[in-house]
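Here's the structure, in structure tokens; my notes come after.
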């Protein structure tokens, strides 16, 4: 009888240990799930924009992480006006050149308006202006419009991912990390 009781005790002990281990694993999984970002937060981190239908000198405004993103396809006339050193700020893809920038003034964070007749952005709050490449043409903004992290995927631009073109812009000091 003693051997039978000992076998039962061993079985109950192992069963209790197994259930405890399963409960611990379940608790750890639940904790990990609470630490993971929500799907809506993950989705807000990346925005894909197809630029195959973009028109010259027409400003497209998208939203990324709650910020306005300006996308402006440069026409031939606009490219002729842009200084050579400012052309480094433009993204070349699919035979076109694009300004892609965060649409917030680098002075006080206002949203500049685009004037297609003059190929320029004007921040009405303080009179600062930017050219079609996002460079400052009239102070007080301290630097050009910031460029968000991006990756080129054919005719698509993926905002929020870092591609080699963006890494080069950071390394050359063309933009700051956003």
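The values are calculated or read from the model by the stated rules, or taken from the named source; none is laboratory data. In this text, all values refer to a predicted model and were calculated from it rather than measured experimentally. We place every Cβ from the backbone using ideal geometry, glycine too, and count neighbours over all the protein chains shown.
Give me the pairs, please: first residue somewhere in the range 97-126 and assigned by TED's automatic domain parsing to the domain that holds residue 64 and at pLDDT below 95, second residue anywhere and exposed (fewer than 14 other Cβ atoms within 10 Å of the Cβ) and in a strand (DSSP E or B), beta-carbon distance under 7 Å, and either six or more positions apart or on two chains.
Correct list of pairs: 124/113.
Check the range 62-77 and report whether any residue there is part of a loop (DSSP other than H, G, I, E, B) and exposed (fewer than 13 other Cβ atoms within 10 Å of the Cβ).
yes
Which residue out of 137, 162 is in a loop (DSSP other than H, G, I, E, B) and without any contact (Cβ under 8 Å) to a residue 40 or more places away in the chain?
162
Provide a single number: the residues in the range 140-159 that are touching a helix residue (DSSP H, G or I) at 6+ places or on another chain (Cβ under 7 Å) and touching a residue at least 60 places away in the same chain (Cβ under 8 Å).
1
Which one of 67, 138 is in the same structural domain as residue 54 (by TED's automatic domain parsing) and either more than 20 Å from residue 46 (Cβ to Cβ) or modelled with pLDDT of 95 or more (or both)?
After ruling out the rest, the residue left standing is 138.
Report, ordered by the first and then the second residue, all pairs with beta carbons closer than 6 Å, sequence separation of six or more or different chains, a first member in the range 27-45 that is modelled with pLDDT of 75 or more, and a second member that is in a loop (DSSP other than H, G, I, E, B).
Here the result reads 45/160, each pair linking the range 27-45 to a residue that is in a loop (DSSP other than H, G, I, E, B).
So residue 157 fits all but one of (1) surrounded by fewer than 21 Cβ atoms within 10 Å (Cβ to Cβ); (2) assigned to a strand (DSSP E or B); (3) under 13 Å from the mean Cα position of the chain (by Cα); what number is the exception?
(1)
Answer yes if at least one residue in the range 80-91 is within 20 Å of residue 144 (Cα to Cα), assigned to a loop (DSSP other than H, G, I, E, B) and at pLDDT 95 or above, and no otherwise.
Within the range 80-91, one or more residues are within 20 Å of residue 144 (Cα to Cα), assigned to a loop (DSSP other than H, G, I, E, B) and at pLDDT 95 or above.
Which of the following residues is in a loop (DSSP other than H, G, I, E, B), surrounded by fewer than 20 Cβ atoms within 10 Å (Cβ to Cβ) and out of contact with any strand residue (DSSP E or B) (no Cβ under 8 Å at 6 or more places or on another chain): 177, 168?
Among 177, 168, only 177 is in a loop (DSSP other than H, G, I, E, B), surrounded by fewer than 20 Cβ atoms within 10 Å (Cβ to Cβ) and out of contact with any strand residue (DSSP E or B) (no Cβ under 8 Å at 6 or more places or on another chain).
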